[in-house]
1. List the residues, sorted by chain then number, that are 5 or more residues from A73 or on another chain and whose placed amide H is less than 5 Å from its amide H.
2. Roughly how many Å² of R59 are accessible to a 1.4 Å probe, to the nearest 10?
3. Give the calculated FRET efficiency between R103 and N124 to the nearest 0.05, with a Förster radius of 41 Å applied to their Cβ-Cβ distance.
4. Give me the one-decimal Kirkwood hydrodynamic radius in Å for region 30-82, with the sum taken over alpha-carbon pairs.
5. With θ set to phi - 60°, apply the Karplus curve 6.51 cos²θ - 1.76 cosθ + 1.60 along region 96-101 and write out the HN-Hα couplings as whole Hz, x wherever there is a Gly or Pro.
6. Give me a comma-separated list of calculated 3J(HN,Hα) values for region 107-113, in order, Karplus coefficients 6.51, -1.76, 1.60 applied at θ = phi - 60°, integers in Hz, x for any Gly or Pro.
7. If I stretch the segment between L51 and E66 completely, what's the gain in nm (0.36 nm per residue apart, minus their alpha carbon distance), one decimal?
8. Skipping prolines and chain starts, which residues have an amide H placed within reach, meaning under 5 Å, of the one on S111, given they are 5 or more residues away or on another chain?
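The values are calculated or read from the model by the stated rules, or taken from the named source; none is laboratory data. Note that this is a predicted model, so its numbers are computed, not measured. Methodologically, a virtual Cβ is constructed for each residue, glycine included, from the backbone with ideal geometry; neighbour enumeration extends over all protein chains shown. SASA here: full protein model, heavy atoms, side chains in, ligands and nucleic acids out. Shrake-Rupley method; radii C 1.70, N 1.55, O 1.52, S 1.80 Å.
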Amino acid sequence: MKKENTREQIILGIDPGTNIMGYGLIVVRGNAYELLQYGVIHLKKYGSHELKLKKIFERITGLITEFLPDHVALEAPFFGENVQSMLKLGRAQGVAMAAALARDIPISEYSPKKVKMSVTGNGNASKEQVAALVRMLLHITEEKGLLDATDALAVAICHHFHSGRLQTRGTASGWKSFLESNPSRLAQPTRPKKEPE
């Protein structure tokens, strides 16, 4: 894939997982950005954890070769109580990072809360809420139900917002910037009806 000009930036967002890993690519031109590709890597079918890691490395390397991203953004693992799950998730993230680093692509990590806050304005938003906003921001009409993929796109968008490329007014970015740029999307408050006396 040939880039049109030097101002174009491609961001690969990754939502690490050991059973399903989401990925999403956006292309940024100036203040505009659009969807390139998104999907999931199904890993549950592979018997061993080592084979899953190999498949993650191969698939991320393939995406890098095909789309030539300028930056890779990953969602940092959520710290839960299950140590074994956390260890496996950390390894999956590490392998995805290694695939990017092997091609000298810079990487960034964002906490799940920061990603949600950047895209929806709510750090405790559900996966469904994130998906709905991502579909709106990227004009995705089809409903694939790939929540891990829309999470990955949210990571890419979050990186774009925090890299300073989408600042349209002052230092505003993220959801606030989107609303400032699209005032018609903001619902207008309705006046309460007067009760009859």
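1. Under 5 Å from the amide H of A73: L12, G13, I14, S108.
2. Approximately 90 Å² of R59 is accessible to the 1.4 Å probe.
3. The value I calculate is 0.70.
4. 13.8
5. Whole-Hz 3J(HN,Hα) from phi for region 96-101: 5, 5, 4, 4, 6, 5.
6. So the Karplus estimates, Gly and Pro as x, are 10, 9, 10, 9, 5, x, 5 Hz.
7. 3.2 nm
8. Result for S111 returns A76.
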